[in-house]
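Notes follow the structure.
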Amino acid sequence: MLVLITYDVSTTSHAGQRRLRKVSKMCQNYGQRVQNSVFECNVDATQFASLKILLSEMIDPKEDSLRFYQLGNNYKNKVEHIGVKESIDMEEPLIF
């Protein structure tokens, strides 16, 4: 299923900057960045549950925010892109 993950991490402190880097790296392990704090992750239910737990443990809920949008398996007709930086179809073979 495709999950859209967005986050807003306070970077006013060094601890916040570290949290931001950790959240970004974790999301990169599961999907692709489509905007600065937005990732598309194609995961199964177990991976999604694990990712949610890991990310929620990384942030400070008093200062930061996470959002998860579950687009499901039929996401291709729900996502429309206009402009630069076309996303990679993660279900297709990667050929360079």
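Brief remarks on what is shown
- When D64, D8 are screened for being open to solvent by less than 30 Å² (accessible area, probe 1.4 Å), charged (D, E, K, R) and modelled with pLDDT of 95 or more, only D64 passes.
- Residues that are touching a residue at least 40 places away in the same chain (Cβ under 8 Å) and closer than 21 Å to Q47 by Cβ within region 1-22 comprise M1, L2, V3, L4, I5, T6, Y7, listed in sequence order.
- Filter pass, Q47 being of a type in the set (S, T, N, Q), modelled with pLDDT of 75 or more, touching a Cys at 6+ places or on another chain (Cβ under 9 Å) and open to solvent by 40 Å² or more (accessible area, probe 1.4 Å): yes
- When region 1-40 is filtered for residues that are closer than 18 Å to E57 by Cβ and assigned to a strand (DSSP E or B), the ones remaining, listed by number, are V3, I5, T6, Y7, D8, F39.
The values are calculated or read from the model by the stated rules, or taken from the named source; none is laboratory data. Owing to the predicted nature of the structure, the values given are computational and were not obtained by experimental measurement. We place every Cβ from the backbone using ideal geometry, glycine too, and count neighbours over all the protein chains shown. Side chains are part of the model used for accessible areas, which takes the heavy atoms of the whole protein and leaves out ligands, DNA and RNA. Shrake-Rupley method; radii C 1.70, N 1.55, O 1.52, S 1.80 Å.
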